[in-house]
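The values are calculated or read from the model by the stated rules, or taken from the named source; none is laboratory data. Being a predicted model, the structure only gives us computed values, none of them experimental. Cβ placement follows ideal geometry from the backbone for every residue including glycine, while neighbour counts extend to all protein chains displayed.
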Amino acid sequence: MPFRAPVEDFSFLLKHIVGFEAVQGTERFEDATDDVTDAILTEAGKMCEEIIAPVQRNGDLHPARLENGVVRTSPGYAEAFKGIAEGGWIGISASPDHG
């Protein structure tokens, strides 16, 4: 059975459990409207389903190792990391002023 990210569960938690509206009320996160937050959660869910989940088994079967002072990652991890980076996820917490 393929992994399905619990996007709706996370959205519910933010809206009804953790008090995210207090965070949204701050100047730093004033743009984090429910629509924006839901869009980010949806895209993060897709990334988890399409990029991260497919390589998890390789990580279990062929863990990263150190060979002659060089770290070798599990098969598929370099490509997955590249996909995460190309999707802009590495800098998502940075200020838009910094790219």
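Of everything listed in (1) touching a residue at least 24 places away in the same chain (Cβ under 8 Å); (2) in contact with a helix residue (DSSP H, G or I) (Cβ under 6 Å, 6 or more places away or on another chain), the single unmet condition for residue 53 is (2). Note on region 79-99: residues that are modelled with pLDDT of 90 or more and among the acidic types (Asp, Glu) total 2.
When you check residue 8 against the structure, is it loosely packed, with under 14 Cβ neighbours inside 10 Å and modelled with pLDDT under 95, yes or no? Considered against the rule, which asks whether it is loosely packed, with under 14 Cβ neighbours inside 10 Å and modelled with pLDDT under 95, residue 8 comes out as no. For residue 52, state whether it is within 17 Å of the chain's Cα centre (by Cα), β-branched (Val, Ile, Thr) and more than 22 Å from residue 3 (Cα to Cα). Judged against the criteria, residue 52 is not a match. Among the residues examined, residue 4 qualifies as assigned to a loop (DSSP other than H, G, I, E, B) and of a type in the set (Lys, Arg).
Here residue 93 does not fit the description of being touching a Pro at 6+ places or on another chain (Cβ under 7 Å), free of Cβ contacts under 8 Å to residues at least 60 places away in the same chain and among the small types (Gly, Ala, Ser). The set of residues from region 11-26 being within 20 Å of residue 44 (Cα to Cα) and polar (S, T, N, Q) comprises 11, 24.
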